[in-house]
Structure formats: structure tokens, C-alpha cells
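S.K.: One structure, as C-alpha cells, below. Some questions next.
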Amino acid sequence: MICTVFVFCIACSGFKNQSKKNTMKEKSNYCLAIMAAVLLMSSCQSAATSEHIAKEAEPVAVSDNDGFEQIFDGKTLTGWEGDTAYWRAEDGDLVGEVTPDKLLKSNTFIIYKGGEPKDFELKVEFKITEAGNSGINYRSELFPGVPHALKGYQADIDGKNNYTGQNYEERGRTTLAYRGQKVTIPNTAGESKKNAWTAAIVDGSLGSSDSLKTLIKSNDWNTCHLIIKGNRLQHYINGVLMSDVTDDDTTHRKMEGLLGIQVHVGPPMQVRYRNIMLKNL
């Protein structure tokens, strides 16, 4: 704005001195004044453009990780317990892998030994092969008779992204909320039919499962963020809420328990997890 006013003043000064009696020198001075005004305006515009680009280039603030603790050191399985035939630490990642010569007979978990979180947030990055089937269990308990097996809530993760983001109860009520659903589980009797809990009431939509699926990258790194507080269970993938469960079922729900990561029965596969961060609320 200041540049524009200054240019206008220069131009006006030229007009003010014009008359029929102008000498060639005066006309020359006027032309020089106009040229100076044009150059000055161009310089101002260039500076403004540079300032605008600089502002756009400023980094955007990332989500707040205050209060979160890294619970995987990226080098060893210290603090975790699982079958090392299927789990290892490699290149900063927690790797679960099923090979052709070591196929699973039952789902196996690597279990966090640092406590049984109640209300918490968990942030983690994951990458899974197309044939992979995995998940993050929480508020879970050991399933008797099967080594390294858990029963409880699970944030589902699979390589084809058919189920990633949904809420599934491992060895329990099965599917509590499909991707895109906001669900209440009432304190009434129900049963598992077609791999879903019949008593579940869909309260609202978070978007269609197919549209949410497009936000999940295949065979690439994604982020999972669980917000578990009271009887409300929210699963986010890449910053988008994928499922939202309010569990009023006092008979079956759990308010605290073990945290673990699954490798599922099936064909050879690999899943990687990194930057596993926990915050107790």
C-alpha cells in the first residue's frame, strides 16, 4: 500500500509541472519520473510476491505428542513377549512375519509387558503386505490353552484394507463396528452371527467403508491412533475416524487389560510397526 501511494505521488509530480511552455528538459524529467514510478511499482510487487511465497513455505505444525512414551526401542524386544519365530526387531521396526516353512496354527501376539492400560491413547505407524492380516489388541486378557493368544478389543489391520479401522473383539463378540460406523453396544443379550454382534446399534455414519478405504495406503506406511477412554473406543487411521464404539455392555466389556499386536493365521505375510507411543489418560 505504501509503495502504491509513493508511486502515485511521483507520477502526480510530473503532471503538476506540465504546461504548454514545458521545455524539452522538463519533458525529459517527466518521462524519467514515470519510468522510475514503473520500476518502483515492479519492485514492490516482486517483494510482496516473495513475502507471500515465504509465508506459504512455512512448515505446518504436526499433532501434539506431549505425554506420549515410546514403548518399543526399535532395537530389541525388551518390554514385549511373543514367539520369536514370528516376531523380531529390525531396522527400527517391530516385524511380524509368517513364512512358508512356519505357517501358524492359531493367531499369535506379541504382548506389551509394561502394564495393563485403562484409559489411554496409542499412536503407531504400520505397513503390511497385501496378504497380511494383523491388528492391535487392547484391554485384553490371555486366552487359556493357546500360547501368546489374547481375547479382547482389536483395531483391525489387513493388507487389502477390507477391515482396517474397524473394531473387532478377538475370541469374543466378533465385529462391534465396521469401518464407517458409530455404534452403541447396549447392555442387553446378543450373539455373534455372520461374524458380527447382533445387539450392536448403529447410531450414525462416519462415511462409507469404501470412501474411507481410499484414505488408507496399500503396502505403505499408515498411522493408527486409538483413543480409548471410559467405554468409548475410537479408531483413527491417517487422522480420520474410522470407527466409534460406545460399549454399554457391562457383561462383556473390559475397562483395562493387556496391549498386544497380532499376526493372523493365513498365507505368508509381513507386517511392520514403528514409533509405538502410549499415553495413559
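S.K.: Here's a check for you: in the stretch 87-134, which residue that is closer than 25 Å to residue 241 by Cα and assigned to a loop (DSSP other than H, G, I, E, B) is farthest from the chain's Cα centre (by Cα)?
M.R.: Step by step, filter the stretch 87-134, then rank; the result is 116.
S.K.: Next up: Only one of 132, 165 is farther than 18 Å from residue 94 by Cα, in contact with an Asp or Glu (Cβ under 9 Å, 6 or more places away or on another chain) and crowded, with 19+ Cβ neighbours inside 10 Å. Can you tell me which?
M.R.: Details: 132 fails: farther than 18 Å from residue 94 by Cα.
Criteria check complete, one pass: 165.
S.K.: Next question. I'd like to verify a number: residues in the stretch 222-248 that are exposed (fewer than 15 other Cβ atoms within 10 Å of the Cβ) and either at positive phi or modelled with pLDDT under 95 (or both), how many?
M.R.: Result for the stretch 222-248: 2.
S.K.: Could you list, in sequence order, all residues of the stretch 204-221 that are without any contact (Cβ under 8 Å) to a residue 40 or more places away in the chain, of a type outside the set (Gly, Ala, Ser) and surrounded by fewer than 14 Cβ atoms within 10 Å (Cβ to Cβ)?
M.R.: Hits for the stretch 204-221 are 210, 214, 217.
S.K.: Evaluate the stretch 168-178: report whether one residue or more is more than 30 Å from residue 91 (Cα to Cα), surrounded by 13 or more Cβ atoms within 10 Å (Cβ to Cβ), in contact with a strand residue (DSSP E or B) (Cβ under 6 Å, 6 or more places away or on another chain) and of a type in the set (A, V, I, L, M).
M.R.: yes
S.K.: Please go through the stretch 232-247 and pick out each residue that is aliphatic (A, V, I, L, M) and within 23 Å of residue 172 (Cα to Cα).
M.R.: Let us first name the residues in the stretch 232-247 that are aliphatic (A, V, I, L, M), namely 233, 237, 240-242, 245.
Result: 233, 242, 245.
S.K.: Report yes if some residue within the stretch 182-203 is buried (at least 19 other Cβ atoms within 10 Å of the Cβ), of a type in the set (D, E, K, R) and within 25 Å of residue 238 (Cβ to Cβ); otherwise report no.
M.R.: Among the residues of the stretch 182-203, not one is buried (at least 19 other Cβ atoms within 10 Å of the Cβ), of a type in the set (D, E, K, R) and within 25 Å of residue 238 (Cβ to Cβ), which makes the answer no.
S.K.: Mind checking whether some residue in the stretch 157-165 is out of contact with any helix residue (DSSP H, G or I) (no Cβ under 8 Å at 6 or more places or on another chain) and under 23 Å from residue 252 (Cβ atoms)?
M.R.: yes
S.K.: Further question on the same structure: Mind listing just one residue for me: the one in the stretch 230-263 that is charged (D, E, K, R) and in a loop (DSSP other than H, G, I, E, B) and, of those, farthest from the chain's Cα centre (by Cα)?
M.R.: Looking at residues that are charged (D, E, K, R) and in a loop (DSSP other than H, G, I, E, B), I get 249.
S.K.: So, in the stretch 135-156, how many residues would count as being free of Cβ contacts under 8 Å to residues at least 40 places away in the same chain and over 19 Å from the mean Cα position of the chain (by Cα)? Explain how you work it out, then say what you get.
M.R.: Of the residues in the stretch 135-156, the ones free of Cβ contacts under 8 Å to residues at least 40 places away in the same chain are 143-145, 151, 156.
Going one step further and asking which of them are over 19 Å from the mean Cα position of the chain (by Cα), we end up with 143-145, 151.
Of the residues in that region, 4 qualify.
S.K.: How many residues are assigned to a loop (DSSP other than H, G, I, E, B) and under 19 Å from residue 122 (Cα atoms) when one looks only at the stretch 164-197? If you could, list the steps in order and put the result at the bottom.
M.R.: Of the stretch 164-197, the ones assigned to a loop (DSSP other than H, G, I, E, B) are 164-166, 171-173, 178-180, 186-191, 194-195.
Remaining after also requiring under 19 Å from residue 122 (Cα atoms): 164-166, 179.
Here the count works out to 4.
S.K.: Considering only the stretch 267-281, state which residues are assigned to a loop (DSSP other than H, G, I, E, B) and touching a Gly at 6+ places or on another chain (Cβ under 8 Å).
M.R.: First pass over the stretch 267-281, keeping only residues assigned to a loop (DSSP other than H, G, I, E, B): 267-268, 281.
None - no residue of the stretch 267-281 is assigned to a loop (DSSP other than H, G, I, E, B) and touching a Gly at 6+ places or on another chain (Cβ under 8 Å), so the list stays empty.
S.K.: Next up: For the structure I just gave you, tell me whether residue 126 is hydrophobic (A, V, I, L, M, F, W, C) and surrounded by 21 or more Cβ atoms within 10 Å (Cβ to Cβ). If you could, list the steps in order and put the result at the bottom.
M.R.: On the way: hydrophobic (A, V, I, L, M, F, W, C): yes; surrounded by 21 or more Cβ atoms within 10 Å (Cβ to Cβ): yes.
When the stated conditions are applied, residue 126 passes them.
The values are calculated or read from the model by the stated rules, or taken from the named source; none is laboratory data. The structure displayed is predicted, hence computed values, not measured ones. Don't worry about glycine lacking a Cβ; one is built from the backbone with ideal geometry, like all the others, and counts go over all protein chains shown.
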